[in-house]
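Working notes for the structure below.
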Amino acid sequence: QVQLVEFGGGLVQVGGSLRLSCAASRSIFSITTMGWYRQAPGKRRELVATTAGDVNSNYAESVKGRFSISRDKNTVYLQMNSLKPEDTAVYYCWLRLSMGSEYWGQGTQVTVSS
């Protein structure tokens, strides 16, 4: 079993920045992809960004140019700049192992106030 622990959510004003981090509970050599999803009230969970390595990252169109994902071993980060009210959501960390198993974090609230 893998546990993911997230840090960094909170309340920020429009145009501000936040950095989310997520660490797996143990070193995992079989991680293929890590990333972030988010879910706003009344909406479906959606992909924000994923990374399978330094040169293989994927972003939702709505966050391109504002968010940046990075990974260091079993920790993944999401730098969020120029935040907008529509970025308000619960952000979930996610990873996939080479055998196909997937794991989710408990979620961290990000609220962007106008």
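The values are calculated or read from the model by the stated rules, or taken from the named source; none is laboratory data. Owing to the predicted nature of the structure, the values given are computational and were not obtained by experimental measurement. FYI the Cβ positions are ideal-geometry reconstructions off the backbone, even for glycines, and counts take in every protein chain you see. Surface accessibility is based on the protein's heavy atoms, side chains included, excluding ligands, DNA and RNA. Shrake-Rupley method; radii C 1.70, N 1.55, O 1.52, S 1.80 Å.
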For the chain, what is the accessible area per residue in Å², given a 1.4 Å probe and the full set of protein chains? 55
Within the set Ser30, Ser17, Ser68, GNM on the chain using Cα springs under 10 Å gives the largest fluctuation to Ser30
What spacing in nm lies between the two simple spin-label points modelled at Leu11 and Lys84, each 7 Å away from Cα in the Cβ direction? 2.3
Run the quick spin-label model on Gln1 and Gln106: label points 7 Å from Cα toward the beta carbon, then report their separation in nm to one decimal. 1.3
With charges set only on the Cβ (+1 for Lys and Arg, -1 for Asp and Glu), what does the dipole of region 26-102 come to about its Cα centre, in debye to the nearest 20? 120
Go through Lys84, Lys64, Lys43 and list them by solvent-accessible area, largest first, probe radius 1.4 Å. Lys43, Lys64, Lys84
Taking region 1-96, which chymotrypsin sites (Phe, Trp or Tyr not before Pro) meet the DSSP loop condition and have no more than 15 other C-beta atoms within 10 Å? Phe29
